[in-house]
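See below for the structure under consideration.
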Amino acid sequence: MNDLLAGLSEALRLIVTLDADLIEITLRSLQVTLTALVIACAIGLPLGGWLAVRRFRMRRAVIATMNALIGLPPVVVGLIVYLMFSRSGPFGVLGLLFTPTAMIVAQVIIITPLVASIAHQAMRDLWSEYHDLLISMNASRRQRIVTLMLDGRRALLTAALAGFGRAIGEVGAIMIVGGNIDGATRVLTTAIALETGRGNFALALGLGLILIALALIVSLASHWALRTERRGRW
Amino acid sequence: MLLRAILLCLLPVPALAETVKLAVTTSFRNSGLADVLLPRIASDTGLDVQMIVVGTGQALRLGAAGDVDAVLVHARAAEEAFIAAGHAPHRRPIMYNDFVVVGPLDDPAGTAGAATAVEAFTRIAESRAAFVSRGDDSGTHTAERAIWRDAGLHPEGAWYRPVGAGMGAALNTAVGLEAYVLSDRASWSNFGNKGAMRITFQGDPALFNQYAYLPISGDKHDAVAVDGAARLEDWLTSNAARALIDGYRVVGEQVFTFNATR
């Protein structure tokens, strides 16, 4: 109980004093995760829509694979990305290992299946509703996907937030490919792992509380932002 | 405004100084000495040393793959094999500290009365007192295995728990289980979660722990910052390094002793 209270007061102290290191690693957490999320959404949302409207032979297998990939262990993703970007690996010449870019790549791999799967489920339900209408209007496949994405934007926001949540709290993969380098690749989660390792539970817990607060702010802000758009279906 | 802030944090930060990637062991990082050395290295040499904190085994793997420019590790046999394989031109001893046996306050195995590390370990094994092993091929793990080997013991059973984790995580586990654990002195002194544990055995020369610096050879990987690694080596063996390392105190106690030769 004492440790929990100490963690709370540590979190307050870091925020009130605007700790420079805290601001730096928090901004880097946001930079890495938001970039990864934008890329994952750019791939995952249209993929989900495409899988909802398109019928093809391997569709079931693709969807099953996508759902299975949600459970991909981040450590394994980290190891694979490490081997790819290592100087001895195929992309070694790019010199991307131990940079935020490598962390973004790992996070994109981790969250894209999740974003695509949730988007697919939401748009599949919407598609069963819109199917006759869109077919009778002779909408092209592209128009159908765009319509589903526009009218299903609340559900797609849920998909994006789920992806954000998985990425911002992820530590296994980015520890391996980022290296937790102070001032270069340290983010909130790897800092928490480091402080736990040093037995500084209060500081680790304080950082954890800030991480939770950050996720809450992003979630609230995106819900607020979407409601300000013109009145939609819901 | 908000957009600009977002764009600003999306842009990569330009590198200002020459960077050297240095793989260091968890025990070195957890001791807190790095926080003292790095700012001074930056101001003296202009080098931006980026530390990647891993066990000695993984540090050498990163070095062999050319992913870091130098390593600072503590497992002599593994270092010599590393040089023999052509991954590094030489090893440079920098400093030493020692390992200590950390255990419960009441020392159920009676390690405090042991004359040698081998005897302390034998008493732990005979009393079947819980023992947490790093189990990760790190320098500390290598040292621990050497003591078991010298004692002629093959630790196994429910009392012996290899956790496969860094020094800090192993200490947290040992504190939670009230188990014995072999730690380097610096990590333990600087550890924030000591619980009901203390140093129960120390002082045997067999527990000597030498840290050495190995620059990675540029022969196999063009991208290795050979110059930067050499300048870092110069600094680490300088009098400035000696003053900082010998002067570093954790709770009033000196934890590292500089022993590099120029």
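Bear in mind that the values in this text are calculations on the coordinates, not laboratory data. Computed from a prediction, not measured in an experiment: that's the story for all the values here. For neighbour counting, all protein chains shown are included, and Cβ atoms are generated from backbone atoms with ideal geometry for every residue, glycine included.
Counting only Cβ charges, +1 for Lys and Arg and -1 for Asp and Glu, the dipole size of the stretch A:1-134 around its Cα centre is about 800 debye. Restricting attention to the protein assembly as shown, close to 60% of DSSP beta bridges with both partner residues there are antiparallel.
Counting Cβ atoms of other protein chains within 10 Å of each Cβ in A:178-187 and taking the mean gives 5.
Helix-only arithmetic for chain A: the sum of -39500 (n - 2.57) across DSSP H runs with n ≥ 4, divided by the residue total, places the mean residue ellipticity at 222 nm at -26000 deg cm²/dmol. Computed from point charges on the beta carbon alone (+1 for Lys and Arg, -1 for Asp and Glu), the dipole magnitude for the stretch A:2-227 about its Cα centre is near 1140 Debye.
In units of the rule-of-thumb radius 2.2 N^0.38 Å, the stretch B:97-207 shows an alpha carbon radius of gyration of 0.92.
When only alpha carbons of the stretch A:2-227 are considered, Rg and Dmax amount to 20.1, 65 Å. Placing unit charges on the Cβ atoms of the charged side chains and taking the dipole of the stretch B:97-207 about its Cα centre, the candidate lying farthest along the positive direction among B:His154, B:Val100, B:Ala206 is B:Val100.
Diffusion of chain B by Stokes-Einstein, at 10 °C in a medium of 1.306 mPa s and with Rh set to the Kirkwood radius over alpha-carbon pairs, works out to 82 µm²/s.
Remark on B:Glu18: its backbone amide H falls under 5 Å from those of B:Asp48, a criterion applied only to residues 5 or more positions apart or on other chains, H modelled at 1.01 Å from N.
Taking the number of Cβ atoms within 10 Å of each Cβ as an exposure proxy, the fewest-first ranking of A:Ser29, B:Ser127, B:Ser138 is B:Ser127, A:Ser29, B:Ser138.
Per-residue 3J(HN,Hα) values for the stretch B:184-191, derived from phi via the Karplus relation 6.51 cos²θ - 1.76 cosθ + 1.60 with θ = phi - 60°, read 6, 4, 5, 4, 5, 4, 8, 6 Hz in sequence order (x marks Gly and Pro). Along the stretch B:92-100 the Karplus relation, 6.51 cos²θ - 1.76 cosθ + 1.60 evaluated at θ = phi - 60°, assigns HN-Hα couplings of 10, x, 10, 7, 9, 9, 9, 8, 10 Hz to successive residues, with x for each Gly and Pro.
Reported to the nearest whole Å, the Cα centre-to-centre distance from the stretch B:26-79 to the stretch A:85-122 is 26. Between A:Ala213 and A:Leu18, residue separation times 0.36 nm minus the direct Cα-Cα distance comes to 68.7 nm. Against chain A, whose longest principal axis is taken from its Cα atoms, helix A:2-16 shows a tilt of about 80°.
For the protein assembly as shown, pairs of C-alpha atoms spaced more than 41 angstrom apart make up 30 percent of the total. For peptide A:92-99, the mean count of partner chain Cβ atoms within 10 Å of a residue's Cβ comes to 3. In a simple Cβ point-charge model (Lys, Arg +1; Asp, Glu -1; nothing else charged), the stretch A:94-234 has a dipole of about 420 debye relative to its Cα centre. Taking the DSSP bridge list for the stretch B:97-207 and keeping only pairs wholly inside it, about 60 percent are antiparallel.
Based on the convex hull around the alpha carbon atoms, the stretch A:67-199 presents an average projected area of 10.5 nm². Sequence gap at least 6, Cα distance under 8 Å: using those rules, report the relative contact order of the stretch B:97-207 to the nearest whole percent. Averaging sequence separation for qualifying contacts and normalising by length gives 46 percent for the stretch B:97-207. Remark: the stretch B:193-209, residue by residue, has Karplus-estimated 3J(HN,Hα) of 10, 6, x, 9, 10, 8, 6, 9, 8, 7, x, 6, x, 5, 9, 4, 9 Hz, where x stands for each Gly or Pro and the curve is 6.51 cos²θ - 1.76 cosθ + 1.60 at θ = phi - 60°. In this structure, the amide hydrogen of B:Ile94, modeled 1.01 Å from its nitrogen in the peptide plane, lies closer than 5 angstrom to those of B:Tyr211, B:Ala212, B:Tyr213, counting only residues at least 5 positions away or on a different chain.
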